[in-house]
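Colleague: The structure that follows is given in the form of structure tokens.
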Amino acid sequence: MSKNILILNGSPRMKGNTAMLCDAFAEGAKSAGHTVTRFDLQKMNIHGCLGCVKGGKAPAAPCVQKDDMLQIYPAYKEADIVVLASPMYYWGFSGQLKTAFDRLFAVAECNPGYANPKKDCALIMAAEGNSADNWKPALDYYQALLGFLEWKDLGHVLAGGVFDAGAVAGTPVIDEAFRFGASL
Ligand SMILES: Cc1cc2nc3c(=O)[nH]c(=O)nc-3n(C[C@H](O)[C@H](O)[C@H](O)COP(=O)(O)O)c2cc1C
């Protein structure tokens with residue numbers, strides 16, 4: 001069945017490793033008949049959550065802040081699968097991805113008990129390190145987030161050992177990202 005896939009790319013490097021993994025993943029997903037909507041968050045004007053808890057009044061524009069999140073909210077609503085894509089920055093997500101994700105709280109504010117919409121989710125991440133210890137904090141965070149949201153984890157593509165922008169090009173993990181996208 002064709003699915004709507006939303007990719008939130010949190011890398012500031014448009015020719016970086018995360019972006020290349022997103023390209024391959026999206027190509028694979030499209031080859032399987034899925035619809036892919038991608039936001040390169042670095043190019044967008046997205047402010048941090050104010051924690052005001054005053055949103056949730058208008059489902060199409062649920063946050064009190066009216067910035068480029070207004071483009072993401074409708075795509076998030078339609079998405080069956082949300083792909084969180086980020087370089088590892090200090091063992092977590094980049095600020096770009098964290099900032100956008102925090103703002104999705106406004107969608108939950110539309111619902112009684114701040115119920116989050118149910119989604120399937122996948123993780124794409126690039127990092128300089130490649131040991132299990134290096135991945136653990138980011139993967140623990142991802143699992144905790146999904147546990148809280150009650151989202152289903154579809155899996156992840158992790159490119160370790162890549163520091164320079166584009167270092168992931170031509171490596172097997174690019175094929176892995178394509179196959180992952182095609183497998184959904
Ligand atoms: C601010 C900053 C923090 C980083 N923190 C980590 C880290 O905690 N662990 C790690 O393995 N790599 C870390 N890196 C390296 C990046 O994850 C790596 O260069 C990655 O390939 C960047 O992906 P991109 O090309 O998609 O931007 C960091 C890089 C920067 C600029």
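The values are calculated or read from the model by the stated rules, or taken from the named source; none is laboratory data. Not measured: the values here are computed from a predicted model. Positions of Cβ are backbone-derived with ideal geometry, glycine not excepted, and every protein chain shown enters the neighbour counts. Each accessible area value is taken on the protein alone, full model and side chains, heavy atoms only, with ligands, DNA and RNA left out. Shrake-Rupley method; radii C 1.70, N 1.55, O 1.52, S 1.80 Å.
Colleague: What is the angle, in °, between the Cα long axis of helix 172-183 and the longest principal axis of the Cα atoms in the chain? Nearest 10 is fine, range 0 to 90.
Modeller: 50 degrees
Colleague: Another question, then. Where does the chain land at 222 nm, in deg cm²/dmol rounded to the nearest 500, when only DSSP H runs of n ≥ 4 count, each adding -39500 (n - 2.57), divided by all residues?
Modeller: After summing the helix terms and dividing by the residues of the chain, the value is -11500 deg cm²/dmol.
Colleague: While we're on this one: With +1 on each Lys and Arg Cβ and -1 on each Asp and Glu Cβ, and nothing else charged, work out how big the dipole of the range 70-174 is about its Cα centre, in Debye to the nearest 20.
Modeller: With only Lys, Arg, Asp and Glu charged at Cβ, the dipole is about 160 debye.
Colleague: Using the crude model of +1 on Lys and Arg Cβ and -1 on Asp and Glu Cβ, and no other charge, please compute the dipole size for the range 4-183 relative to its Cα centre, in debye to 20.
Modeller: Magnitude of the dipole: close to 500 debye.
Colleague: Give the accessible surface of the chain per residue, rounded to a whole number of Å², with probe radius 1.4 Å and ligands, DNA and RNA excluded.
Modeller: That works out to 48 Å² for each residue.
Colleague: If you keep only loop residues by DSSP, which trypsin sites (Lys or Arg not before Pro) in the range 98-184 have at most 12 other Cβ atoms within 10 Å of their Cβ?
Modeller: Taking the range 98-184 and a limit of 12 other Cβ atoms within 10 Å, the loop trypsin sites (Lys or Arg not before Pro) found are 118.
Colleague: Something else: Accessible area of residue 70, 1.4 Å probe, to the nearest 10 Å²?
Modeller: About 60 Å², rounded to the nearest 10.
Colleague: Ranked from highest to lowest mean number of other Cβ atoms within 10 Å per residue, what is the order of the peptides 74-87, 33-46?
Modeller: 74-87, 33-46
Colleague: Then there is this: How many percent of the accessible area of the chain is carbon or sulfur, using a 1.4 Å probe?
Modeller: After summing per-atom areas, the C and S share lands at 55 percent.
Colleague: Based on the Cα gyration tensor of the range 84-134, what are the three equivalent ellipsoid semi-axes, each the root of five times an eigenvalue, rounded to whole Å and given largest first?
Modeller: Equivalent ellipsoid semi-axes, largest first: 28, 12, 8 Å.
Colleague: Residues in the range 1-41 near a label at residue 169, defined as backbone nitrogen under 16 Å from the 7 Å Cα→Cβ point?
Modeller: Residues 13-24 fall inside that zone.
Colleague: If we restrict to alpha carbons, what Rg and Dmax does the chain come to, in Å?
Modeller: 15.8, 47
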